[in-house]
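Q: Here it is, the structure, as C-alpha cells.
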Amino acid sequence: MVNAMLHQTVGTLQLLGNFGTHYEIRNDSVNLIPRGFKVEVELSKRGIYSSWEGKLGVIRASASQTSVVDPVLAPSNNVTHEPRTKSNETALILIRHGESLWNEKNLFTGCVDVPLTKKGVEEAIEAGRRISNIPVDMIFTSALIRAQMTAMLAMTQHRRKKVPIIMHNESEQAKAWSQIYSEETIKQSIPVIAAWQLNERMYGELQGLNKQETADRFGKEKVHEWRRSYDIPPPDGESLEMCAQRAVAYFKDNIEPQLQSGKSVMIAAHGNSLRSIIMYLDQLTSQEVISLELSTGIPMLYIFKEDNFIRRGSPVAPTETGVYAYTRGLAQYRQKLDEMLH
Ligand SMILES: O=C(O)[C@@H](CO)OP(=O)(O)O
C-alpha cells in the first residue's frame, strides 16, 4: 500500500507525508520522514523519474535540488500568520538534561536510565522559559528518560504551543498504531526523534559507583583521567572519543540535513554526548574539549547559517537576554509571536 500522495508539476515532484507513512528524498532515494512534512524535489530533467514503488520504494529520478518544507510554513499554506525566522538561518538549541536522581547522589550514570529529580524538573521548565521565543520545528533526544523528560518539560513553556510528539518508527506496527488522521493536528505538532546515539557516554564498570568513593579508591588523578580525558576509556566503557564517533556521526547524518532544509532543531541530551557535538560545532581540539563543562538544564543556542554554526549563547548567564544574542531573524520571530498571542 502506498500511503503518500504524489503530485507532478513541471519539473517538480511533491510528496506529502500523509497519515503515517512518510518519506524523505535524499540522493534520489526515499526514506522515512516525520509525518506531516512535505518534500519537494526539483527534477534535473522533466519526466526523468519513472516509477513509484510502494512502501519505502525508490523514486528513480535525478534530483538537482531537494528541500523539506514544514507545511505550516510553506508559502502555499493558508496560515499566513505563522512566525518564521529569515529563511537563510535556523536555530539549534542544545540542552543538557536537568539534574537526575543519580546526579544528586553523585553516582556515575552513563547509559543507566535514571529520571529527573524535582530540581531537575524545575531546571527543565526554566530552560524552557529561556527558549520560549526561539523557533523549534523538530526535537532530537537521546533514548534516555532524563533527556526526554527535559525536552518535554521545556516545551511546556514554549509560546508557540505546538505539541511535541514522540515518533515511533521502531516497527511497522508501532508506526501504524501511532498515526494521526488530521492534517491540521499534524501541523500543530513537533516531531520528537529519540536516538540512542545521543545517549550519555557508556561508563562501563563505573556505572552506579559513587564518584567520590571511586576517587578515594583509585586516586583522584585516575578518576579525573577516566572522566575528562579524550581518548582513555573507563574500564569497559566509552572514551569521549568513542562517544563522539557515534554522536557526531548521528548529528551529521540526521540533524544537520534538517537544519540545512530550514528547520530549527532542539537537542536534549547529556554532558558527554553534547560535549562531543559542541567539539564538532565549535571546532575544539581534543585538548580544548577536556575543560568544557556543561551545567544541567542550561540551553545553548547556535545559529546555522551558510553551512556554519555560530554560537549565540553562553551556558552560564542566568537570564534569557544574558544567555542569547538574538539575531535579527530571531527578534522578528519573537515579535511575530507577540503579535500572534496578543
Ligand atoms: O555520570 C555520568 O554519566 C556523567 C554525567 O553526569 O558524569 P561525568 O561528569 O563524569 O561526565
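Q: Whole-Hz ³J(HN,Hα) for each residue in the range 196-206, computed from phi via Karplus 6.51 cos²θ - 1.76 cosθ + 1.60 with θ = phi - 60°, x for glycine and proline: what do you get?
A: Per-residue couplings from phi come out as 5, 4, 8, 4, 4, 5, 6, 8, x, 6, 8 Hz.
Q: Compare Glu89, Glu306, Glu339 by solvent-accessible area with a 1.4 Å probe and give them largest first, with all protein chains kept in place.
A: On the way: Glu89 10, Glu306 140, Glu339 115 Å².
Largest accessible area first, the residues go Glu306, Glu339, Glu89.
Q: Now, a different point. When DSSP beta bridges are limited to those with both residues in the range 89-341, what percentage is antiparallel, rounded to the nearest 5?
A: Values: 14 of 30 bridges.
Here the antiparallel bridges make up roughly 45 percent for the range 89-341.
Q: Based on the Cβ-Cβ distance from Asn106 to Arg129, what FRET efficiency comes out when R0 is 30 Å, to the nearest 0.05?
A: On the way: r = 28 Å, r/R0 = 0.92.
Calculated transfer efficiency: 0.60.
Q: Another question, then. What does the extension gain come out to for Glu225 and Arg328, with contour length at 0.36 nm per residue minus their alpha carbon separation?
A: On the way: separation 103, 0.36 × 103 = 37.08 nm, distance 4.27 nm.
Net length gain for the segment: 32.8 nm.
Q: Residue separation times 0.36 nm, minus the C-alpha to C-alpha distance between Asn210 and Lys336: what's the value? Show your work: numbers first, answer last.
A: On the way: separation 126, 0.36 × 126 = 45.36 nm, distance 4.85 nm.
Length gained between Asn210 and Lys336: 40.5 nm.
Q: Rounded to the nearest 0.05, what FRET efficiency is calculated for Ser291 and Thr185 with R0 set to 51 Å and r the Cβ-Cβ distance? Don't skip to the end; give the middle numbers.
A: Values: r = 46 Å, r/R0 = 0.90.
Working from the Cβ atoms, E equals 0.65.
Q: What are the residues whose amide H is under 5 Å from the amide H of Gly208, where those residues sit 5 or more places off or on another chain and H is modelled from the backbone?
A: Close amide H contacts, sequence-distant or interchain: Phe108, Thr109.
Q: Packing-wise, with mean Cβ within 10 Å as the measure, how do 239-250, 150-161 rank, highest first?
A: Taking the mean over residues of other Cβ atoms within 10 Å, the ranking is 150-161, 239-250.
Q: Full extension from Arg217 to Ile145: what is 0.36 nm times the residue separation minus their Cα-Cα distance, to one decimal in nm? It would help to have the intermediate numbers written out before the result.
A: Working: separation 72, 0.36 × 72 = 25.92 nm, distance 3.05 nm.
Between Arg217 and Ile145, full extension yields 22.9 nm more.
Q: So what's the net charge close to Leu284: Lys and Arg +1, Asp and Glu -1, counting the other residues with Cβ under 14 Å from its Cβ? Let's see the in-between values first.
A: Working: positive: Arg228, Arg275, Arg311; negative: Glu241, Asp282, Glu288, Glu293.
Spelling it out: positives minus negatives among the neighbours equals -1.
Q: Rg to Rh for the range 183-291: what is it, with Cα atoms only and Rh by Kirkwood? Intermediate results must be reported in sequence, preceding the final value.
A: On the way: Rg = 16.9 Å, Rh = 15.6 Å.
Radius of gyration relative to Kirkwood radius: 1.09.
Q: Given the peptides 94-103, 200-209, 267-276, arrange them by the average over their residues of other C-beta atoms within 10 Å, most packed first.
A: 267-276, 94-103, 200-209
The values are calculated or read from the model by the stated rules, or taken from the named source; none is laboratory data. Just so we're clear, the structure is a prediction, and the values are computed from it rather than from any experiment. All Cβ positions, glycine included, derive from the backbone under ideal geometry; neighbour counts span all protein chains shown. Keep in mind that these areas ignore ligands, DNA and RNA; they rest on the heavy atoms of the full protein, side chains included. Shrake-Rupley method; radii C 1.70, N 1.55, O 1.52, S 1.80 Å.
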